[in-house]
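The values are calculated or read from the model by the stated rules, or taken from the named source; none is laboratory data. Fair warning: this is a prediction, and the values are worked out from it, not measured in the lab. We place every Cβ from the backbone using ideal geometry, glycine too, and count neighbours over all the protein chains shown. Ligands, DNA and RNA are stripped out before the accessible areas are found, and what is left, the full protein with its side chains, is counted by its heavy atoms. Shrake-Rupley method; radii C 1.70, N 1.55, O 1.52, S 1.80 Å.
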Amino acid sequence: MPGMHRRGLMPGSLRRQHILRRAIQLVSLAAMNLHVSGLLTGRIFTGTSKLFCVPGLHCYSCPSSVLACPLGSLQSVISSPGFLAGLSTGSQQALIVLGVLGFILLPGFVAGSIACAYVCPFGLLQELLYRVPSPKLTIPRSWRYGRLVMALLFVLLLPMFLKPSPGSAGDPWFCKVVCPEGTLTAGWPMALHDGGKTLDLGFLFGWKSAILVLILLWSVVSKRPFCRVLCPLGAFWGTAGKVSLFRMRVDSSCIRCDRCKDVCPVDLAIYKHPDSASCIRCGECIRACPVDAISHSAKRPDHGGERNG
Amino acid sequence: MARGAVEKLWVLLVLVFLVPVVIAVMDWEKPQRLGRADLGPFLTGRRSLDSLLDCHSCRLVLVNLWATWCPSCMRELPEIDDVYRGMPDQLQAVAVCMDDPALESVRSYHSSSGLSMPMVWLSTEESAALRDDWDLPQVLPATVLFDAHGSELRRVAGARSREFFQGMVDGVEMAGDTGSATGPEALHVNVVGSRADSAYLALLSTAVELAGEEGVSVFDPGDSASRLRMDSLHLPDLGCPYAQACYGPACGRPARSTEELRTIVGELID
């Protein structure tokens, strides 16, 4: 129902959950961007923390970032020359990529896409943009396959196989032609900083800027469109989330009122698809449900309504 | 019917992102054309060199052979790069680093060089193989010019000026292309090694015999001050004594025996 998410009409516990989640998102944003001087100097931080990835979409090349991007790190390793040969011989690089993949997938196997709800800065941005009053559009459910193809093609296959000559390195194609977060937090700050000296402002810059603007506009009219349709990280975590330790459970007291869908940041009716890969485990539907039918837990509640989450 | 089309629209959305990929791949067919501010690619291996030479849309391919221990080479690389930048799409130029085993220091030279032409590093074995294949002189720098079909048009040994290279690619006969254009006609030998080593002493006495006392500089990799001077001249530490000779603008590869040194100096002076 419209207006359910407006302040003042929210039940108390839902409002508290929402504020808590927002607070964690903002603290995460600050924590991953401690290198504020980078914004003034135009220099990318290269300290030890850059070995570690943020659990979300934030560009390594953002001047203020103190962490690396999991997708960037993954593409960088698998596109390096000799990686494919190394896989078959068990080389060190192959082990590194398995480590990165494991790091990326592990939170997904524990609690699905939960980092999308609490940490990812680009998800936060889309949620804030949606609050801008406008006509709103839904996204067809089938479009969620888009992000799986984006993950397979632009993060895995193209960096591994598309090379200018045999023996040379591949390219991080997702970063190069897609990632709007990278454009916003790395491309534009660097361009603003010195107008083309450190960053080539050619075709790809224009292309990615256009993509960013279109996605930001889309975020005004639809809920978290990038997350649902294009984000490879969401694809990895969401898929792992289908078999994760903690899962969304909806018990038989559900009355199908759709209040969960109204408050859901990704427009999901959780009672229809409790194992949905799209669910970001934000926990707001749990508080919105008028009959307390929803939980996020590791154990399946029995029919008496007992719950552990 | 319309609903079915909307359901499948995500496919189109994904395909749209392939457009810049295709554009980028099409660009690979052309010689690496970069802006003035851009550093060219650094590749290794004979296969990388061969794929760069296999340039279908190039009218000319200029291959410059150099090494970091060759000061004349280092001086002329920026000049060649200027010629390369000024000739969009017709000229492929490749800087091939030969007989220079210290890959990491070549790589770090490349990243601070500001050179836009592609650079290829060859191992010692690959350098020897290239010398055989192209019948190259024992002298660096050397530049070979090929036409669009891979036939050799011209070759020069020794460093040249930018005007010379520009004239070379413009097809104009430049005067004095068999002689050298820069540097005094004097033999200079850098001898690297420890004084306790008899091989070093033998090389040193041959060097003094050929170049005179003033024409010889000595370096000891075990001494830190000497090491600093070696690094500034890009002289590698090969783990054994060697003598590296330059005659004017042309340099020979490091010689590990006195016979080798005499052969190289002989070729340089010719």
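Residue-wise test of (1) over 30 Å from A:ARG43 (Cβ atoms); (2) without any contact (Cβ under 8 Å) to a residue 40 or more places away in the chain; (3) among the acidic types (Asp, Glu).
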{"site": "A:PRO189", "(1), (2), (3)": "no, no, no"}
{"site": "A:ASP200", "(1), (2), (3)": "no, yes, yes"}
{"site": "A:LEU216", "(1), (2), (3)": "no, no, no"}
{"site": "A:PRO232", "(1), (2), (3)": "no, no, no"}
{"site": "A:ASP258", "(1), (2), (3)": "yes, no, yes"}
{"site": "A:PRO274", "(1), (2), (3)": "yes, yes, no"}
{"site": "A:ILE280", "(1), (2), (3)": "yes, no, no"}
{"site": "A:GLY283", "(1), (2), (3)": "yes, no, no"}
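This table checks each residue for (1) within 22 Å of the chain's Cα centre (by Cα); (2) buried (at least 18 other Cβ atoms within 10 Å of the Cβ); (3) over 26 Å from A:LEU129 (Cα atoms).
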| position | (1), (2), (3) |
| --- | --- |
| A:ASN33 | yes, yes, no |
| A:GLY47 | no, no, yes |
| A:VAL66 | yes, yes, no |
| A:PRO70 | yes, yes, no |
| A:PHE83 | no, yes, yes |
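A residue that is away from every other protein chain (no Cβ under 14 Å), under 20 Å from A:SER168 (Cα atoms), among the polar types (S, T, N, Q) and not in a loop (DSSP other than H, G, I, E, B) cannot be found anywhere in the stretch B:62-70. Applying a threshold of 8 Å to beta carbon distances and a minimum spacing of six or more residues, or different chains, the list of pairs starting in the stretch B:91-106 at a residue that is open to solvent by 10 Å² or more (accessible area, probe 1.4 Å) and ending at one that is assigned to a strand (DSSP E or B) and at pLDDT 90 or above reads B:LEU103/B:THR44; B:LEU103/B:TRP121.
Return the residues of the stretch B:20-39 that are at pLDDT 80 or above and either within 22 Å of B:ALA148 (Cα to Cα) or at the interface with chain A (Cβ under 9 Å from one of its Cβ atoms) (or both); say none if nothing qualifies. Hits for the stretch B:20-39 are B:PRO20, B:VAL21, B:ILE23, B:ALA24, B:VAL25, B:MET26. Going by the conditions given, is A:SER209 touching a Gly at 6+ places or on another chain (Cβ under 9 Å) and more than 10 Å from chain B (Cβ to nearest Cβ)? For A:SER209, the condition - touching a Gly at 6+ places or on another chain (Cβ under 9 Å) and more than 10 Å from chain B (Cβ to nearest Cβ) - is met. Pairs under 7 Å by beta carbon, first residue at the interface with another protein chain (Cβ under 10 Å from one of its Cβ atoms) and under 20 Å from B:GLU104 (Cα atoms) in the stretch B:40-57, partner open to solvent by less than 30 Å² (accessible area, probe 1.4 Å) and of a type in the set (Ser, Thr, Tyr), six or more apart or different chains? Once the first residue is at the interface with another protein chain (Cβ under 10 Å from one of its Cβ atoms) and under 20 Å from B:GLU104 (Cα atoms) and sits in the stretch B:40-57, its partners that are open to solvent by less than 30 Å² (accessible area, probe 1.4 Å) and of a type in the set (Ser, Thr, Tyr) give B:LEU43/A:SER168; B:SER48/A:SER165; B:SER48/A:SER168.
In a residue-by-residue description of the stretch A:34-48, the property of being out of contact with any helix residue (DSSP H, G or I) (no Cβ under 9 Å at 6 or more places or on another chain), at pLDDT 80 or above, farther than 23 Å from A:ALA117 by Cα and not in a loop (DSSP other than H, G, I, E, B) applies to at least one position. Residues considered: B:VAL83, B:VAL94, B:VAL61. Of these, the only one that is within 20 Å of the chain's Cα centre (by Cα), closer than 20 Å to B:THR124 by Cα and of a type outside the set (Gly, Ala, Ser) is B:VAL94. For the stretch B:236-252, the set of residues classified as part of a loop (DSSP other than H, G, I, E, B) and either open to solvent by 50 Å² or more (accessible area, probe 1.4 Å) or over 16 Å from B:LEU203 (Cα atoms) (or both) consists of B:PRO236, B:ASP237, B:GLY239, B:GLY248, B:PRO249, listed by residue number. Of all residues in the stretch A:145-176, those that are closer than 16 Å to A:TRP207 by Cβ and more than 10 Å from chain B (Cβ to nearest Cβ) total 2. Could you list, in sequence order, all residues of the stretch A:177-203 that are within 11 Å of chain B (Cβ to nearest Cβ), surrounded by fewer than 17 Cβ atoms within 10 Å (Cβ to Cβ) and not in a loop (DSSP other than H, G, I, E, B)? Answer for the stretch A:177-203, where residues must be within 11 Å of chain B (Cβ to nearest Cβ), surrounded by fewer than 17 Cβ atoms within 10 Å (Cβ to Cβ) and not in a loop (DSSP other than H, G, I, E, B): A:ASP194, A:PHE203. Entry remark, the stretch B:253-267: residues being among the polar types (S, T, N, Q) and crowded, with 16+ Cβ neighbours inside 10 Å number 1 in total.
Considering the stretch B:1-19, the residues that are farther than 22 Å from A:PRO172 by Cβ and more than 9 Å from chain A (Cβ to nearest Cβ) include one that is modelled with the lowest pLDDT, namely B:MET1. Can we say B:ASP100 is within 13 Å of the chain's Cα centre (by Cα), closer than 21 Å to B:PHE219 by Cβ and either not in a strand (DSSP E or B) or not hydroxyl-bearing (Ser, Thr, Tyr) (or both)? Here the answer is yes, as B:ASP100 does meet what is asked. Here B:PRO221, B:PRO254 are screened, and the one residue that is under 20 Å from B:LEU65 (Cβ atoms) and in contact with an Asp or Glu (Cβ under 8 Å, 6 or more places away or on another chain) is B:PRO254. For A:CYS279, the test of being under 29 Å from A:CYS179 (Cβ atoms) and either in a loop (DSSP other than H, G, I, E, B) or open to solvent by 10 Å² or more (accessible area, probe 1.4 Å) (or both) is passed. In the condition set (1) within 29 Å of A:SER76 (Cβ to Cβ); (2) part of a loop (DSSP other than H, G, I, E, B), A:PRO265 is compliant with all but (1). Exactly one residue out of B:SER161, B:SER123 is at pLDDT below 85 and farther than 18 Å from B:LEU235 by Cβ, and it is B:SER161.
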